Structures are given as C-alpha cells and as structure tokens.
1. If you scan segment 21-34, which residues turn out to be over 12 Å from the mean Cα position of the chain (by Cα) and not polar (S, T, N, Q)?
2. Would it be correct to say that Pro37 is touching a His at 6+ places or on another chain (Cβ under 9 Å), on the phi < 0 side of the Ramachandran plot and either in a loop (DSSP other than H, G, I, E, B) or within 16 Å of ligand 1 (Cβ to nearest atom) (or both)?
3. Within segment 17-53, track down each residue that is away from ligand 2 (no atom under 16 Å from the Cβ) and either touching a Leu at 6+ places or on another chain (Cβ under 8 Å) or of a type in the set (Val, Ile, Thr) (or both).
4. Pairs under 6 Å by beta carbon, first residue more than 20 Å from Glu178 (Cβ to Cβ) and modelled with pLDDT of 95 or more in segment 18-30, partner of a type in the set (Gly, Ala, Ser) and part of a loop (DSSP other than H, G, I, E, B), six or more apart or different chains?
5. Go through (1) outside any helix (DSSP H, G or I); (2) within 8 Å of ligand 1 (Cβ to nearest atom); (3) small (Gly, Ala, Ser) for Gly58 and report which single condition fails.
6. Please list, ordered by first then second residue, the pairs with beta carbon atoms under 8 Å, 6 or more apart or interchain, first in segment 35-49 and more than 16 Å from Asp193 (Cβ to Cβ) and in contact (Cβ under 8 Å) with a residue 12 or more places away in the chain, second within 6 Å of ligand 1 (Cβ to nearest atom) and aliphatic (A, V, I, L, M).
7. For the list (1) away from ligand 1 (no atom under 14 Å from the Cβ); (2) surrounded by 19 or more Cβ atoms within 10 Å (Cβ to Cβ); (3) farther than 20 Å from Val215 by Cα; (4) not small (Gly, Ala, Ser), I need the number of the one condition that Val32 fails.
Amino acid sequence: MGRITLEKVQKKFGETEVIPPLDLTIEDGEFVVFVGPSGCGKSTLLRLIAGLEDVSSGEIRIDGQPATDLPPAKRGLAMVFQSYALYPHMTVRKNIAFPMKMAGMDQAEQDRRIKKAADALNLTDYLDRRPGQLSGGQRQRVAIGRAIVREPAAFLFDEPLSNLDAALRVGMRLEISELHSRLETTMIYVTHDQVEAMTMADKIVVLRAGNIEQVGSPLELYREPRNVFVAGFIGSPK
Ligand code: ADP
Ligand code: MG
C-alpha cells in the first residue's frame with residue numbers, strides 16, 4: 001500500500017511561506033513527478049512527505065493513517081538519495097544491507113532482501129565491489145537498492161540523476177520506469193527536467209513558488225495546460 005494524502009499542508013521557514021496550504025492525493029502505485037523551476041519548493045514538499053521537515057500546519061496521511069507527527073523511520077517510505085551518499089569503504093552488499101542492519105533485522109531476512117534487490121537491479125555480480133569500482137549508473141542502482149530492501153510503501157526520489165551525464169540519465173530513467181512497473185510501488189520523483197516529467201510520470205504536479213499550478217497526466221497537461229506558465233514549462237504548443 002502507498003496512498004499518500006496531503007490536506008492543507010503548509011510550510012514556513014521563519015516568516016517565509018514556502019508552501020502555501022495545499023491539497024494533494026497520490027494514489028497507491030502511482031508514479032508521480034513534482035516538476036518546476038529551481039527554488040519552487042519541490043524538495044521541501046518531498047521532505048515534508050518523508051518527515052525530514054515538519055509541516056507548519058495541515059495533515060499528511062499514509063494509507064489513511066495520520067503520519068504528520070511520525071518520525072521518518074516510522075512512515076514506511078524510502079528516500080533515494082543521489083549515489084554519492086553511498087559509503088565508499090563498504091561493499092555494495094554492505095551498503096544495501098546498512099538500513100536493515102541499523103533496524104536489527106535478522107541475517108536470513110537481510111540476505112533474502114539483498115537478493116531480491118540485486119535481482120531487480122541487475123547488481124548480483126557487483127555485490128562484493130566497492131562504490132569506487134562501479135560506474136555512475138551502477139552506483140545509482142545501489143542507492144536505489146538501499147531503498148528497496150526497506151520494502152517501503154513509497155519511494156521518494158529527489159533529482160536522483162542530476163549528477164549523471166546526459167547519456168547515462170536516459171538509461172537510468174528507463175531503469176527507474178521499469179522498476180516501477182515491476183514493483184508496482186508508489187514513486188514520487190522530483191525533477192526540474194520537463195523531459196523526465198513527461199516521459200516517466202503517470203501524474204505530473206507542476207509547482208511554481210510553492211503553489212500547485214496543475215495536476216494531470218502528461219497528455220492532459222500537454223493538451224490542456226491551465227495557464228501560460230504550465231504551457232511554457234511543459235512545452236505545449238498552446
Ligand atoms: P526546489 O527543490 O524546488 O529547488 P526547495 O524546496 O529546495 O526548492 O526550496 C524552496 C524555497 O525554500 C527556496 O526559496 C529555498 O531557499 C527555501 N528553503 C528551503 N529549505 C530551507 C531552509 N531549511 N530554511 C530556509 N529556507 C529554505
Ligand atoms: Mg530541490
């Protein structure tokens with residue numbers, strides 16, 4: 001399960017309102033992309049959902065349960081960080097096992113989940129290498145593997161491909177989309193890249209200065225952009 005609802009969620013940093021009260025529903029299994037220019041509040045919104053920031057007001061629910069006051073570890077969500085967040089001195093296996101080890105999971109269950117993640121990500125042959133011996137794409141897969149083993153209700157990605165070169169980005173985009181089809185788990189993906197949004201999303205949330213300008217499928221946004229900002233951002237002919 002991975003249905004996430006935001007009800008009048010607002011975020012202020014001091015006196016500055018970065019996210020005005022907004023409502024949003026993310027359905028179980030959806031691939032949702034938050035897109036918008038730099039500084040519009042994408043990361044903040046994702047961090048509110050993850051519990052890495054506290055809301056100033058409003059309510060977050062995960063599968064109907066109030067989650068607003070839950071710490072990140074209790075929300076059942078997994079944030080995928082950029083690949084440079086890997087531990088360079090640990091093998092791939094240990095990097096992937098790290099969150100399970102921290103949670104005190106027994107070894108047999110850890111091994112089962114590592115195998116499952118390695119199979120899903122084609123990392124089986126790389127488990128005993130260290131991040132420095134991997135390509136950028138492989139490192140990014142390890143970072144995703146570390147999220148998969150938590151068997152989360154949803155994966156949260158914050159511009160995970162921004163430090164990869166253009167060619168690699170295209171391949172990783174396809175891999176993440178394929179992973180979504182295979183796992184059928186909710187994914188929320190933050191990017192400022194319109195092409196990523198249009199090619200990966202079931203549902204796009206267009207943000208400008210913390211406001212939701214429009215929510216819809218790529219085709220809906222392309223055909224019926226609500227305003228000039230959305231049209232310009234999506235590259236719609238309108
Ligand atoms: P995006 O991810 O879309 O680039 P962010 O969510 O990082 O945007 O930032 C949205 C706005 O909130 C920006 O104006 C940023 O400067 C501000 N902001 C983000 N984090 C903090 C913070 N911890 N303290 C104060 N202002 C912040
Ligand atoms: Mg950001």
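1. Looking only at segment 21-34, we keep the residues that are over 12 Å from the mean Cα position of the chain (by Cα), and these are 21-29.
The answer is Pro21, Leu22, Asp23, Leu24, Ile26, Glu27, Asp28, Gly29.
2. Against the criterion (touching a His at 6+ places or on another chain (Cβ under 9 Å), on the phi < 0 side of the Ramachandran plot and either in a loop (DSSP other than H, G, I, E, B) or within 16 Å of ligand 1 (Cβ to nearest atom) (or both)), Pro37 qualifies.
3. Within segment 17-53, Leu22, Asp23, Leu24, Thr25, Ile26, Gly51 meet the criteria.
4. Close Cβ pairs satisfying both conditions: Val18/Gly41; Val18/Gly210; Ile19/Gly41; Ile19/Gly210; Pro20/Gly210.
5. Exception for Gly58: condition (2).
6. Gly41/Val18; Thr44/Val18
7. Failed condition: (3).
The values are calculated or read from the model by the stated rules, or taken from the named source; none is laboratory data. The model shown is predicted, which means the values in this text are computed figures rather than measured ones. Glycine gets a Cβ as well: all are built from the backbone with ideal geometry, and neighbour counts include every protein chain shown.
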